[in-house]
Every structure is written in C-alpha cells, then in structure tokens.
Amino acid sequence: MGSSTDLRNIPIKNLYYMLCYAWEHLAEKEFANIAREDEKDIKHLLTRILLVKLRSLIKRGFYREYVGYQEETSTLRGKILFQESLQTFSFKRAKMHCQYEDMSHNILHNQIIKSTLYFLLQSPKLENTLKDEIIQVYNHFDEIGLIKLHQNLFTKVKLHRSNQHYRFVLDICRFLFESLLINEENSEEKFADFEEDPKAMARLFEDFVRNFYKKETPHYKVYRENISWDAEGEDLFYLPIMQTDISLENVERKIIMDTKYYQQTFSQNRGALKLNSANLYQIFAYLSNVKKSREKETLGILLYPKTGQEVNLSYSVKGYPVRIFTLDLSREWRSIHERLVNIVCYNEH
C-alpha cells in the first residue's frame, strides 16, 4: 500500500493556501511565510497574520460609518424630537431631545474584530507570547464596543469599495470564531481542532478545489450545477435535487467532479480493497442524467485526499468515462498545484 498520510497532519502552510483559495484571497498567499517552523496549528498562524493585518489597519485608520444617536442635549443638531422633549420637560433644563447621525469607528466591522481578539485572549491553548502581541493591538480598540459574536453577524457586514481591505481580516475573524466552541450558558470557551473536524475539512477541500480551478484553469467555466432527473411521471418535484460539487466546461469537454474527504480512500471487503460504492453510484447518477452535447466529451471524476497509495483509476461505466484520483496534501505546494491541473487536463488534446 505504501506510506500512509494522516489527514490531521497536513502542513500548516498547505492548509493556509487552501483557505486562501477557498476564501478567494490569493493575493494574501505570501503571508504563509509568517509561519514558524514549529507552528502549532492553523489557528496560531491565522492569528499571527491577523495581527499583521490589524497593525496595518491601525496605521491606515479604522473605517468609519454614520451611526444614529438620540440624546437630550443643549446643542441643537439633527432632528428635534418635540414630543419626547415635551414629555420629559427638557425645555426647563434648556435642552431638547435630538436625533442625529455622526461618523463613528464603533461599527460592526470593528466590533467583530475587537470581540474576536477578546475571545482569543481567553483561550487557554493560545501561546502566551502571542497573547502579549494581541494585547498590544487590542489596546487600540478602546473606543470600540464588545459584542456577542454569532454567525449571522458576519453576514450583516456590508463590504464595498471603501472598506474592501476589511474582507480578509473579517474572513480570518469568522474562521477563528467558528473554530471557537462557545458555551452560551456559562461563556466557557476552548479551541476546536479544525484540522480534525471531518465536516469542516470536507467543506474546505471542496471550496479549495472549486476555486483553484476557477483561478488556475481559465479555459474552463467552473461552477456548481443543478442536474434534473431524466425521469417521467407525476409529482416529479419529490425527486431530490442533484447538485454537483464542481462542474468544469469548455467547448470540447465537460467534467463533473465530486470531492470526497475521507481518512481512507478504499474500504476493506473480505480482505480486498474496494472503492466506496455510494460515491460511484453518485457520480454515475450525475453522468446519466446530465444534458449532454454531441460535440463534448462528458466525464466524471472522484477526487480524494491521498491517505495511502496514489490512485489513478480510469473506467467506462455504461459508456460513461469515470476517473478516480487522489491528491497528496502533504506534498510541497507546487506539486499539489501541478497535480490538480494535470487531473483536469488528463488526455486533453
């Protein structure tokens, strides 16, 4: 079988490169050089990168937006609230209730960053030397409020041309938050082991591969595709939706690719190594139901991370070409890059 690769031991730099592709932040790949030889995990590396980006953000100045205020004041500004002023007899104190907007740094973008730094400081698994660096940056957020983080907050952040420099920072904050297990009842916190979470790694693997092909194979259109069942009968709406992980298409070829993130590529059946039958049934269902063009070759690919021997298998199933490959995520990044490109250019003319 050859050497075995433990998927929990993917090099930290490679995980970071995968995240850069998944998040569509390829310009930030150079920050992988910040990683130390003894880097503990991806969260430590991302925290170091976050601090570098935040120091740059502090020099540039925090992004500001107009924030609404309502207060009783002796200085008239904005809209005067006559009803509230009369009800509280503000005029007897030579004041009025006013509603106005003013530019402020205390907005959601900066609140998320500060709250992420706060949770990092509470983590018992984060190195003390790194916490010292966090404190230095955290002190610049005195005028920013702490908030309770939850996933929906990240979707409420509005990014545009004026604040695009926040996107990478907030993506790191979101990743670190999702790697923090927050117990809402007693606010206890601890790091989750992202690299050991098969569901999280499966999502990352799929997003990484899809966005890799979007960037590195411009001669293909790369997308997710909904495939309708080639079926007849009543109430077809009961049939489940078939959605590909990745579809690649150009004038000559269409590839339907499914990524599978398993610790073992093969299973044992009476002592013999066998491919996962459910995976094969799934890719065959896609191929047999997708609309085909006479001018295009249509093939299916199953892509697994390499955990044992390298796999390069090719079959024809009911006339449909199906190929199975593995990708060694422990290799030097250039080798990973070449392997992925070669997989979709397999026998390409």
Do you know which residues across segment 29-43 are buried (at least 19 other Cβ atoms within 10 Å of the Cβ) and in contact (Cβ under 8 Å) with a residue 40 or more places away in the chain?
Ile42, Lys43
Taking segment 295-326 and keeping residues touching a residue at least 40 places away in the same chain (Cβ under 8 Å) and in contact with a helix residue (DSSP H, G or I) (Cβ under 8 Å, 6 or more places away or on another chain) leaves Thr298, Leu299, Gly300, Ile301, Leu302, Leu303, Pro305, Thr307, Val322
The number of residues in segment 141-152 that are buried (at least 17 other Cβ atoms within 10 Å of the Cβ) and either in a helix (DSSP H, G or I) or not assigned by TED's automatic domain parsing to the domain that holds Phe119 (or both) is 1
Before we move on, is Ile135 within 19 Å of Phe62 (Cα to Cα) and surrounded by 12 or more Cβ atoms within 10 Å (Cβ to Cβ)?
no
In segment 135-152, how many residues are free of Cβ contacts under 8 Å to residues at least 60 places away in the same chain and over 17 Å from Val67 (Cα atoms)?
11
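So that you can scan it fast, the table gives a plain yes or no per residue for (1) within 30 Å of Tyr16 (Cβ to Cβ); (2) modelled with pLDDT under 95; (3) not in a strand (DSSP E or B):
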residue	(1), (2), (3)
Val251	no, yes, yes
Leu273	no, yes, no
Ser288	no, yes, yes
Lys292	no, yes, yes
Glu295	no, yes, yes
Gln309	yes, yes, yes
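Among Ser288, Ser316, Ser277, Ser293, which is closer than 30 Å to Ser330 by Cα and polar (S, T, N, Q)?
Result of the check over Ser288, Ser316, Ser277, Ser293: Ser277.
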Going through segment 253-271 in order, the residues found to be modelled with pLDDT under 90 and not β-branched (Val, Ile, Thr) are Tyr262, Gln263, Gln264, Phe266, Ser267, Gln268, Asn269, Arg270, Gly271
Being in contact with a His (Cβ under 9 Å, 6 or more places away or on another chain), surrounded by 13 or more Cβ atoms within 10 Å (Cβ to Cβ) and either within 21 Å of Ser56 (Cα to Cα) or in contact (Cβ under 8 Å) with a residue 24 or more places away in the chain (or both) is true for just one of Phe175, Phe168, Phe119. Which residue is that?
Phe168
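With the requirement that a residue be within 14 Å of Met242 (Cα to Cα) and among the aliphatic types (A, V, I, L, M), what does segment 279-298 give you?
Hits for segment 279-298 are Ile283, Ala285, Leu287, Val290.
Let me confirm something: among Val322, Val290, Val251, which residue is under 19 Å from Lys221 (Cα atoms), of a type in the set (A, V, I, L, M), assigned by TED's automatic domain parsing to the domain that holds Tyr213 and crowded, with 19+ Cβ neighbours inside 10 Å?
Details: Val322 fails: under 19 Å from Lys221 (Cα atoms); Val251 fails: crowded, with 19+ Cβ neighbours inside 10 Å.
Criteria check complete, one pass: Val290.
Does Ser316 count as on the phi < 0 side of the Ramachandran plot, surrounded by fewer than 16 Cβ atoms within 10 Å (Cβ to Cβ), in a strand (DSSP E or B) and out of contact with any Lys or Arg (no Cβ under 8 Å at 6 or more places or on another chain)?
Values: on the phi < 0 side of the Ramachandran plot: yes; surrounded by fewer than 16 Cβ atoms within 10 Å (Cβ to Cβ): yes; in a strand (DSSP E or B): yes; out of contact with any Lys or Arg (no Cβ under 8 Å at 6 or more places or on another chain): yes.
When the stated conditions are applied, Ser316 passes them.
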Please work out if Glu65 is without any contact (Cβ under 8 Å) to a residue 60 or more places away in the chain and either buried (at least 18 other Cβ atoms within 10 Å of the Cβ) or more than 30 Å from Tyr223 (Cβ to Cβ) (or both).
yes
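The values are calculated or read from the model by the stated rules, or taken from the named source; none is laboratory data. In this text, all values refer to a predicted model and were calculated from it rather than measured experimentally. With ideal geometry, Cβ positions are generated from the backbone for all residues, glycine too; neighbour counts draw on all protein chains shown.
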